[in-house]
């Protein structure tokens, strides 16, 4: 259950290869990559800074993976989340899961990113022509998580 | 009781520090009571706020313990 918080970029192909290596029972790999957009709430975003809560972040991500593994039959799950300065087009987050079949993998991957958006202690600060601003949490993220309520 | 406070993101900037140690009055026993105790520090006046007790999301009524870590931060915006 690897979970990583890092300033460096990640390579999807390399991560996928490591996740699958030596597991011929895997029949499905689903990944999600979140990236930095150049426009948010009508303002141009030149750069953003991602802050997090070292220690709690890793625990929160591991807890989300544990919840996903309890709900779906997965072989493995990976979360890589970047912190520090990021620019439009940069990759922010990778979620990848492996399973025997696609249904479990699709659902678990979406569940993990939905929960991450609500529960993992990361905060974005954007640099715009009007100055720096902290990004507000979105109501739509809460709505996205509610669909997973049992 | 002595506890360790942590502040993140916009709350860290509003409070002006990222962490400090605080000696609590005897009648301050829960996470939300600490928030009220610190009201003069502009801790989230009118803004949404989340709390974590020993690096786990806390409820307003979460009880505190000697030497615990209590963190204040805005709703998260990662991913």
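Observations on the structure shown:
- For region A:67-150, taking Cα atoms only, Rg and Dmax work out to 15.2, 49 Å respectively.
- Of B:53, A:53, the sequence from fewest to most neighbouring Cβ atoms within 10 angstrom is B:53, A:53.
- Once the mean of 1/r is taken over each pair of separate Cα atoms and inverted, chain A shows a Kirkwood hydrodynamic radius of 16.1 Å.
- For A:35, A:98, order by how many other beta-carbon atoms lie within 10 Å, fewest first: A:35, A:98
- Applying 1/(1 + (r/R0)^6) with r as the Cβ-Cβ distance of residue A:14 and residue A:106 and R0 = 22 angstrom yields a FRET efficiency of 0.50.
- Each principal axis of the Cα cloud of region A:1-61 was evaluated for its coordinate range; sorted largest first, these ranges are 47, 27, 18 Å.
- Among A:85, A:24, A:54, residue whose mean-square fluctuation peaks in a GNM of chain A (springs only between Cα atoms under 10 Å): A:24
- Our note on the geometry: Cα centres of region A:71-105 and region A:114-144, 18 Å apart.
- Beta bridges by DSSP in region B:2-73, antiparallel share as percent, to the nearest 5: 75 percent
- Entry note, chain A: relative contact order of 33 percent, from Cα contacts under 8 Å with a spacing of 6+ residues.
- In chain A, the DSSP-assigned H stretches of four residues or longer account for a calculated mean residue ellipticity at 222 nm of -10500 deg cm²/dmol, using -39500 (n - 2.57) per stretch and the full residue count as denominator.
- Normalised alpha carbon radius of gyration of region B:2-73 [divisor 2.2 N^0.38 Å]: 0.97
- Taking A:62, A:15 and counting other C-beta atoms within 10 Å, the order from fewest to most: A:62, A:15
- Here, region A:78-119 yields an orientationally averaged convex hull projection of 3.6 nm² when only Cα atoms define the hull.
- Chain A: most fluctuating residue of A:73, A:38, A:136 per GNM, C-alpha cutoff 10 Å: A:136
Each reported figure results from applying straightforward, stated rules to the coordinates on display, with no laboratory input. Everything numeric in this text was worked out from a predicted model, so none of it was measured. Glycine gets a Cβ as well: all are built from the backbone with ideal geometry, and neighbour counts include every protein chain shown.
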